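S.K.: Got a structure for you, written out below as structure tokens; questions coming shortly.
Computed from the coordinates by the stated procedures, all read-outs in this text should not be read as laboratory data. Quick caveat: nothing in here was measured; it's all calculated off a predicted structure. Don't worry about glycine lacking a Cβ; one is built from the backbone with ideal geometry, like all the others, and counts go over all protein chains shown.
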């Protein structure tokens, strides 16, 4: 019996290894400003009092082979305290300091995805949606009102091909009269 002939593997067929880590989730003071190009709103972390706070998850690229994580996005599922699923399929989330629903995370850099916002007494998940017009496609801002019994958020960080860059992370959240609370589970 003869062995099948070995075919050499082309470099472009070898998947890139990206080692991304979700460091933690935390609550941050936020402000909304516009970018300098198109006037799109951008969520930014600030160090002065505002009426907005957000639960953010920090994602770090710790790749040891020098590969940048490109077109990184995140997907959420929402649960109550009994782990009953409340909402599925919130994608194209907002990232701090970005007008886009995707970010590039260079080696040894960290980006922050916005999971939940409390602003003006309202609690919601901000996201981007693609709108197609006769002039072309563009991103529009949207928000999903958070269910009142929200207790946990499952965060899945994906690459451009919808492959997980790291295992899903669970973030415990609560909305108190004094503000948002978060911890990783």
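S.K.: Return the percentage of antiparallel bridges among DSSP beta bridges fully within the chain, rounded to the nearest 5 %.
M.R.: If I count the DSSP bridges inside the chain, around 100 percent turn out antiparallel.
S.K.: Would you report the distance distribution of C-alpha pairs in the chain as whole percents per 10 angstrom bin, up to the bin with the largest distance?
M.R.: Computed distribution, short to long bins: 9, 34, 32, 15, 5, 3, 1, 0.
S.K.: While we're looking at this one, here's another question. With the crude spin-label approximation of a point 7 Å out along Cα→Cβ, what separation in nm comes out for residue 174 versus residue 50?
M.R.: The two pseudo-label positions are separated by 2.6 nm.
S.K.: GNM on the chain, C-alpha springs below 10 Å: top fluctuator among 97, 82, 172?
M.R.: Ranking 97, 82, 172 by mean-square fluctuation puts 82 first.
S.K.: Just to be sure I understand: with springs between alpha-carbon atoms less than 10 Å apart, which residue in 33, 98, 135 has the highest mean-square fluctuation in the Gaussian network model of the chain?
M.R.: 135
S.K.: Additional query: Under a crude label model (7 Å from the Cα following the beta-carbon direction), how far is residue 58 from residue 138 in nanometres?
M.R.: 3.5 nm
S.K.: Counting only C-alpha contacts under 8 Å and six or more residues apart, can you give the relative contact order of segment 17-184 as a whole percent?
M.R.: Worked out over segment 17-184, it gives 24 percent.
S.K.: Taking 22 Å as R0, compute the FRET efficiency from the Cβ-Cβ separation of residue 104 and residue 19 and round it to 0.05.
M.R.: In this case the efficiency is close to 0.90.
S.K.: Moving on to the next point. Tell me the label-point distance for the pair residue 40, residue 65, using the 7 Å Cα-to-Cβ offset, in nm and rounded to one decimal.
M.R.: 3.1 nm
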